[in-house]
Amino acid sequence: DIMISIFKKDPDAVLDFLFDWSQWLLFNETISSYTVTSDSGLTVDSTSQSNSVVAVWLSGGTVGKTYELKCKILTSMSRTDKRTMTIEMVSR
């Protein structure tokens with residue numbers, strides 16, 4: 001992983017989190033495929049990709065716990081990258 005970001009989420013919230021590769025991709029390079037995974041207890045409701053961004057909608061979690069959300073991409077130039085977000089559960 002080259003980047004780790006920390007975010008806060010209430011377990012009752014259903015929110016989108018974005019993995020943005022726009023500054024990393026080379027000229028004319030695109031995301032060919034992606035895989036999103038999360039720790040058990042955090043639910044990935046849906047994912048989508050538009051240009052250089054992978055959007056992940058999350059729900060669930062338990063207050064006081066921390067979860068990892070990972071996104072791995074394969075590009076049109078056969079390069080691979082993986083990024084991790086840390087999601088801290090808080091009551092808001």
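May I ask you to verify whether Val56 is surrounded by 15 or more Cβ atoms within 10 Å (Cβ to Cβ) and in contact (Cβ under 8 Å) with a residue 40 or more places away in the chain?
Numbers: surrounded by 15 or more Cβ atoms within 10 Å (Cβ to Cβ): yes; in contact (Cβ under 8 Å) with a residue 40 or more places away in the chain: yes.
The answer is yes for Val56.
Can you name the condition, by its number, that Arg92 falls short on among (1) within 14 Å of the chain's Cα centre (by Cα); (2) open to solvent by 20 Å² or more (accessible area, probe 1.4 Å)?
(1)
Whether any residue in segment 25-40 is at positive phi and surrounded by 12 or more Cβ atoms within 10 Å (Cβ to Cβ) is what I want to check.
No, the conditions are met nowhere in segment 25-40.
The values are calculated or read from the model by the stated rules, or taken from the named source; none is laboratory data. Computed from a prediction, not measured in an experiment: that's the story for all the values here. Note: ideal-geometry Cβ built from the backbone for every residue, glycine included; neighbour counts use all protein chains shown. Keep in mind that these areas ignore ligands, DNA and RNA; they rest on the heavy atoms of the full protein, side chains included. Shrake-Rupley method; radii C 1.70, N 1.55, O 1.52, S 1.80 Å.
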